[in-house]
Amino acid sequence: MRLSQVSNSFVAHDAISNDMRGIRKVLAASIGSADSAAPSQLTEHHIVCNSVTADLLPEVLTTSQYDHQVGLPGDVEDVLLHHHSIGNGPLHHWLVSRHERLVLKYHNITPSKYFVDDAPRVAEQLDDGRRELTELAARSVGAIADSEFNRSELTSLGMPADRVRVVAPFLDPKLFAGSAPYRAEERGPRLLYVGQLFPHKRVELLMAVYAVIVAQIDPTVTLDIVGSTRIGVFGTAIRSLRQRWAIPGVTFHDQLSSAELSQLFDRASMCVTMSEHEGFCVPAVESMARGVPFLCRDLAALPGTVGAGGIVAPADLGVFELAELVAGLLADPELRQAWSGEGRRRAERFNPARTGLDFLEALGGLI
Amino acid sequence: MVSSKKACSRCAALGLSKMTEEHPRVRTDQLVDEIRERVSGRLAIGEYSEQVAEALLSEPGYLRRIQPARDELIAEFSSTVAAVRQALEFRPYGRSTASRIPGVSLARRALRKLTSTDIEQVYAQIDTPLRRLLEAVQLLQQQIDAVETPLVAATVQRHTDLDHALAELRRAEMLLRSAAERTADAGTSEVLMSEVDTE
C-alpha cells in the first residue's frame with residue numbers, strides 16, 4: 001500500500017509542513033515494520049505538492065510526477081492523506097480525479113471575513129477552501145482533525161463522528177528537549193507574542209491591552225511581537241500603532257532564528273495572544289513546553305489546546321479588564337510559577353512520540 | 001481549602017473531586033472576578049489617563065480599518081460612558097454640550113427652521129436623506145447627552161459614532177442640496193442649506 005501526503009505547499013517552517021515532516025518520519029519507520037500500530041502493508045510514502053522551494057524539491061513529487069509514477073487514476077488500495085487549510089482549485093480537481101482512498105488532515109480554515117478588506121484574494125481562497133472541504137468530506141473515508149474544535153466542524157458537514165479522529169499536529173521535537181528553567185522571580189516584566197500578523201490574531205487588541213498596562217499599571221513592562229505577515233498593508237498598519245498610540249517598549253521581530261526565539265522565550269514572563277480564531281495554536285504548546293505561562297482568550301480551539309495548562313481569559317473581557325488580568329499575573333510570581341508547571345505538564349500531551357502513536361492508531365482506524 | 005470548581009484531570013487523578021483554593025486556575029478565576037468588580041464599579045475613563053483613552057479612541061478613520069478593534073474599543077468606551085452617566089446622576093435635559101461641537105448647533109438651528117417650513121413638501125423630495133439627518137442628529141444628541149464632564153465630552157468628539165453621525169450629516173447635506181435644486185420651494189431650502197455646517 002502506498003500512502004502519500006498531499007498539501008498546497010511544503011516549506012521550511014510552518015505548522016503544516018512540520019506536521020507533514022512528523023508524519024513522514026513515523027510512516028518511514030512503519031514501512032516493513034512488524035509494529036501492530038503501523039498501517040499494514042505500507043510500502044511507499046511520498047509528499048505531493050506543487051508549491052515548494054527549490055531546496056525542498058527533492059523531497060516532494062509534483063502532482064504530474066505522481067501521476068506519471070503511479071499512473072492514472074490510481075489504486076483504490078492506496079491512500080492520499082490531504083492536508084487541508086485553504087482553497088486551491090487545481091489541486092482540488094486533481095484530488096477528486098484520483099481513485100485512491102482519501103483521508104483528510106484538517107487544520108481548519110480561517111473565516112474569510114478577516115481578510116475581505118485587506119487581502120480579498122486570500123478571502124476568496126478561504127471561501128474556496130470551505131466549498132472544497134464540503135466536497136472532500138463527502139468523498140473521504142475519514143479525517144484526522146488537529147483539535148476537537150476542528151472535529152466539530154467536520155461532523156457539522158455530515159462526516160460521521162466515528163470517522164473523524166483527533167490527533168494533534170506534530171511539533172518540533174526540540175521543543176521537548178528541555179529549556180531554561182522558569183524562575184518567575186527572576187524574569188523581568190516581558191510579554192511575548194508569537195504568531196503571524198493576520199487580522200484574526202488580534203495583535204492590535206494585544207497592543208491596546210499593552211498600552212493600558214504601561215500607561216496606568218506598570219510602565220516597565222515590554223512587549224516582543226514575533227511574527228511576519230503576508231499581507232503587507234496589515235502588517236504596516238499594525239506596526240504603525242506603536243507610533244500612533246505612542247506606546248514605548250514594543251519590539252517587532254520579523255524573522256528570527258530558532259536560537260533567537262529561544263532567547264526571547266527564556267526571558268519572557270508570559271506569552272500572550274488575543275487571537276480569536278485558531279484551529280490548534282502551535283505557539284501555545286511551544287510556550288507551555290518551555291514553561292512560560294500562556295494566556296489566551298476562550299475562543300475557537302484555544303481552550304482545547306491549552307487545557308489545564310494555561311490561562312484562558314473569558315472571551316467577554318474588555319481591554320481594561322484584560323490589561324488588569326495580564327498585569328495581575330505579572331505582579332504575582334508565585335501564581336506564574338504555578339502556571340509554568342501546569343503548562344509543562346500539559347505540553348507533554350503533545351510530545352511527538354505520543355503524537356506518533358496517536359496518529360498511527362487514528363490512521364489505522366480509518367483505512 | 002476546597003473550591004467549588006470541579007477537579008481537573010490531574011486533580012481527579014489524585015482522588016480530588018474539587019479543585020483546591022491553591023490551584024492556579026482557581027486563583028486566576030478569583031483574580032478575574034476581582035477585576036470584573038473593580039473595573040465595572042468605577043469610572044474607568046477617570047481612573048485611566050485621558051492620554052490612553054484618547055490614544056485608543058483617536059484616529060477613528062484608522063480604527064475603522066481595523067474593524068474588530070474598533071468595535072471592541074467602542075464597546076469598551078460605551079460602557080465607560082454609561083458608568084459616567086450613572087455616576088453623575090445624569091440630567092437628561094440639562095445644558096447640552098452639543099453647542100461646543102462645531103456644526104451641531106448650526107445643524108440644530110437648521111432643523112428647527114426645517115420643522116417650521118412646509119415640511120411635507122420637503123419630505124416629498126428628501127424623505128430618506130431627511131430621516132437620515134434627523135436620525136444622525138438624534139444619535140448625536142444621545143451621545144452628547146450621555147456625558148456632562150468636559151473630559152468625556154472632549155473624548156466623545158473623537159467617538160467613532162460621532163464621526164459616523166457627522167459623515168451622515170455631510171451625506172444628508174449633499175442629498176438635501178441636490179433635492180433643493182429640484183424642489184419648487186427653492187428659496188426655503190437654500191436658507192436651510194446655508195445653515196447646515198458640515199464640520
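Quick check: is even one residue across segment A:74-95 among the polar types (S, T, N, Q), within 24 Å of A:Thr229 (Cα to Cα) and touching a helix residue (DSSP H, G or I) at 6+ places or on another chain (Cβ under 7 Å)? Steps first, please.
Taking segment A:74-95 first, the residues among the polar types (S, T, N, Q) are A:85, A:88.
Still in the running and within 24 Å of A:Thr229 (Cα to Cα): A:85, A:88.
Retained after the next criterion (residues that are touching a helix residue (DSSP H, G or I) at 6+ places or on another chain (Cβ under 7 Å)): A:85.
Among the residues of segment A:74-95, at least one is among the polar types (S, T, N, Q), within 24 Å of A:Thr229 (Cα to Cα) and touching a helix residue (DSSP H, G or I) at 6+ places or on another chain (Cβ under 7 Å), which makes the answer yes.
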Of the numbered conditions (1) surrounded by fewer than 18 Cβ atoms within 10 Å (Cβ to Cβ); (2) within 14 Å of another protein chain (Cβ to nearest Cβ); (3) in a helix (DSSP H, G or I), A:Val209 fails exactly one; give the number of that condition. (1)
If A:Thr222 passes every condition in (1) away from chain B (no Cβ under 14 Å); (2) crowded, with 21+ Cβ neighbours inside 10 Å but one, which one does it miss? (2)
Condition test on A:Thr229, is it in contact with a Leu (Cβ under 7 Å, 6 or more places away or on another chain), of a type in the set (Ser, Thr, Tyr) and either assigned to a loop (DSSP other than H, G, I, E, B) or in the same structural domain as A:Lys113 (by TED's automatic domain parsing) (or both)? yes
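Would you check which residues across segment A:183-206 are within 13 Å of chain B (Cβ to nearest Cβ) and either on the phi < 0 side of the Ramachandran plot or in a helix (DSSP H, G or I) (or both) and list them?
Of segment A:183-206, the ones within 13 Å of chain B (Cβ to nearest Cβ) are A:184, A:197-206.
Result: A:Ala184, A:Leu197, A:Phe198, A:Pro199, A:His200, A:Lys201, A:Val203, A:Glu204, A:Leu205, A:Leu206.
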Looking at segment A:332-345 only, could you name the residues that are facing chain B (nearest Cβ under 9 Å) and under 30 Å from A:Gly22 (Cβ atoms)? A:Trp339, A:Gly341, A:Glu342, A:Arg345
Single unsatisfied condition, A:Glu153 versus (1) exposed (fewer than 13 other Cβ atoms within 10 Å of the Cβ); (2) farther than 27 Å from A:Val233 by Cβ; (3) not polar (S, T, N, Q): (1)
Which of the residues that make up segment A:220-275 are among the small types (Gly, Ala, Ser) and closer than 27 Å to A:Ala301 by Cβ? A:Gly227, A:Ser228, A:Gly235, A:Ala237, A:Ser258, A:Ser262, A:Ala268, A:Ser269, A:Ser275
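Could you tell me whether any residue of segment A:358-365 is of a type outside the set (Asp, Glu) and within 13 Å of chain B (Cβ to nearest Cβ)? Full working, then the answer.
Quick first cut of segment A:358-365, residues of a type outside the set (Asp, Glu) only: A:359-360, A:362-365.
Now restrict to residues that are within 13 Å of chain B (Cβ to nearest Cβ): none.
Checking segment A:358-365: not a single residue is of a type outside the set (Asp, Glu) and within 13 Å of chain B (Cβ to nearest Cβ).
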Looking at (1) of a type in the set (Val, Ile, Thr); (2) within 12 Å of another protein chain (Cβ to nearest Cβ); (3) part of a helix (DSSP H, G or I), which one does A:Thr355 not meet, given that it meets all the others? (2)
Among the numbered criteria (1) out of contact with any Asp or Glu (no Cβ under 6 Å at 6 or more places or on another chain); (2) in contact (Cβ under 8 Å) with a residue 60 or more places away in the chain; (3) within 14 Å of chain B (Cβ to nearest Cβ), which single criterion is violated by A:Ser179? (3)
Tell me whether segment A:323-338 contains one or more residues that are surrounded by fewer than 24 Cβ atoms within 10 Å (Cβ to Cβ), in the same structural domain as A:Gly195 (by TED's automatic domain parsing) and assigned to a strand (DSSP E or B). no
Inspect segment A:28-36 for any residue being surrounded by 12 or more Cβ atoms within 10 Å (Cβ to Cβ) and closer than 17 Å to A:Leu136 by Cβ and give the result as yes or no. no
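Yes/no matrix, rows are residues, columns are (1) modelled with pLDDT of 95 or more; (2) more than 14 Å from every other protein chain (Cβ to nearest Cβ); (3) out of contact with any Lys or Arg (no Cβ under 8 Å at 6 or more places or on another chain); (4) under 26 Å from B:Lys6 (Cβ atoms):
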| position | (1), (2), (3), (4) |
| --- | --- |
| A:Pro248 | no, no, yes, no |
| A:Cys296 | yes, no, yes, yes |
| A:Thr305 | yes, yes, yes, yes |
| A:Val312 | yes, no, no, yes |
| A:Ala315 | no, no, no, yes |
| A:Leu330 | yes, no, no, no |
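Take A:Ala143 and decide whether it is surrounded by 19 or more Cβ atoms within 10 Å (Cβ to Cβ), closer than 26 Å to A:Val250 by Cα, outside the structural domain of A:Thr229 (by TED's automatic domain parsing) and touching a residue at least 40 places away in the same chain (Cβ under 8 Å).
Details: surrounded by 19 or more Cβ atoms within 10 Å (Cβ to Cβ): yes; closer than 26 Å to A:Val250 by Cα: no; outside the structural domain of A:Thr229 (by TED's automatic domain parsing): yes; touching a residue at least 40 places away in the same chain (Cβ under 8 Å): yes.
Criteria not met by A:Ala143.
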Within segment A:170-189, can you find the residues that are closer than 12 Å to A:Ala347 by Cβ and touching a Lys or Arg at 6+ places or on another chain (Cβ under 7 Å)? A:Ser179
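The values are calculated or read from the model by the stated rules, or taken from the named source; none is laboratory data. Note that the structure is a prediction, hence the values are computed from the model and not measured. Cβ: placed from backbone, ideal geometry, glycine included. Neighbour counts: every protein chain shown.
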